[in-house]
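Read the structure below first, then the notes.
Values quoted throughout were computed directly from the atomic coordinates according to the rules given, and no laboratory measurement underlies them. What you are looking at is a predicted structure, and each value in this text was computed from that prediction instead of being measured.
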Amino acid sequence: MQREEIIDAYREYIACLNAQDWSNLQRHVADNVEYNGRTIGFDGYRDMLVEDFRAIPDLSFNIAFLVCDPPMIASRLSFDCTPMGQLFGMPVNKKRVRFAENVFYEFRNGRIRIVWSVIDKASVAAQISNYAGQYGL
């Protein structure tokens, strides 16, 4: 795939996630997808995303910036959301949090085959600590 094709495919993938269009996700993600060094397969990847939306009903993937060097694409995703209970093992409990994810993808045969994700969990922890301090929790 050429650079512009990968960028377009990635933007379509993000739109698919935000629409929670699970029936079309396989158009974007390979059957044997790897996530952070582990082969979880398409079903595992889809289940992970479905669970993310269950835990965070107002979840929205927002591209802050994008860099593409085929077959790789890198994105900084920004999130501004209200998780229902825990997020990354921290008690968020319906408090609004903002954080970012730096994620790298490798495309093969037109679909995402490998994903490396690093989420700014320290930012979430700082916000929770801030809430606790403000409200004496």
Hey, what's the Kirkwood Rh for region 32-132 if you take every pair of different alpha carbons, in angstrom?
14.6
Within the chain, percent of DSSP bridges classed antiparallel, to nearest 5
90
In the Gaussian network model of the chain, springs joining C-alpha atoms below 10 Å, which of A125, A19, A64 carries the largest mean-square fluctuation?
A19
Largest first and to the nearest Å, give the Cα extent of region 45-101 along each principal axis.
39, 23, 18
hull vol. (C-alpha, convex hull) per residue for region 1-58, Å³ -> 96
Compute the long axis of helix 121-135 from its Cα atoms, compare it with the longest principal axis of the Cα atoms of the chain, and write down the angle in degrees, 0 to 90, nearest 10.
20
